[in-house]
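Below is one structure, written out as structure tokens, with a few remarks after it.
The values are calculated or read from the model by the stated rules, or taken from the named source; none is laboratory data. Note that the structure is a prediction, hence the values are computed from the model and not measured. Here the Cβ is made from the backbone with ideal geometry for all residues, glycine too, and neighbour counts use every protein chain on show. To get the accessible areas, we keep the full protein, side chains included, count just its heavy atoms, and leave off ligands, DNA and RNA. Shrake-Rupley method; radii C 1.70, N 1.55, O 1.52, S 1.80 Å.
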Amino acid sequence: AKLQNVLHNSPAARAGIRRNDILRSWNGVEIKDFRTLFRLAEMTPPNSTVAVTLIRAGVEQTVTVQVGELPATP
């Protein structure tokens, strides 16, 4: 899943994930598309720590993300 945008100060941004990164796995589970990514993120309890494997500029790396809660919508 190639990221089009990363929200400022989001858990992903705080973990160092950037726009145009390609996410490959979420805690060892392969990310096949955006639906898979959203489903995995939804199923992860807030305040959990997950390992996310990504590719940036052709280099694979793993970052740790502290999952947050969705902000309330007005």
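Data overview
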read-out: Residues of the chain: accessible area per residue with a 1.4 Å probe, Å²; value: 72
read-out: Rounded to 10°, Cα long-axis angle of helix 34-43 versus longest principal axis of the chain; value: 50
read-out: Cα-Cα P(r), region 2-74, percent of pairs per 10 Å interval; value: 20, 59, 20, 2
read-out: Among Gly58, Gly16, Gly28, residue whose mean-square fluctuation peaks in a GNM of the chain (springs only between Cα atoms under 10 Å); value: Gly58
read-out: Residue-averaged 222 nm ellipticity for the chain, from DSSP H runs of 4+ at -39500 (n - 2.57), nearest 500; value: -4500 deg cm²/dmol
read-out: Cleavage-rule hits (trypsin sites (Lys or Arg not before Pro)) in region 1-56: DSSP loop, at most 16 neighbouring Cβ within 10 angstrom; value: Arg18, Arg19, Lys32
read-out: Label point distance in nm, Phe38-Leu3, each placed 7 Å from Cα along Cα→Cβ; value: 1.7
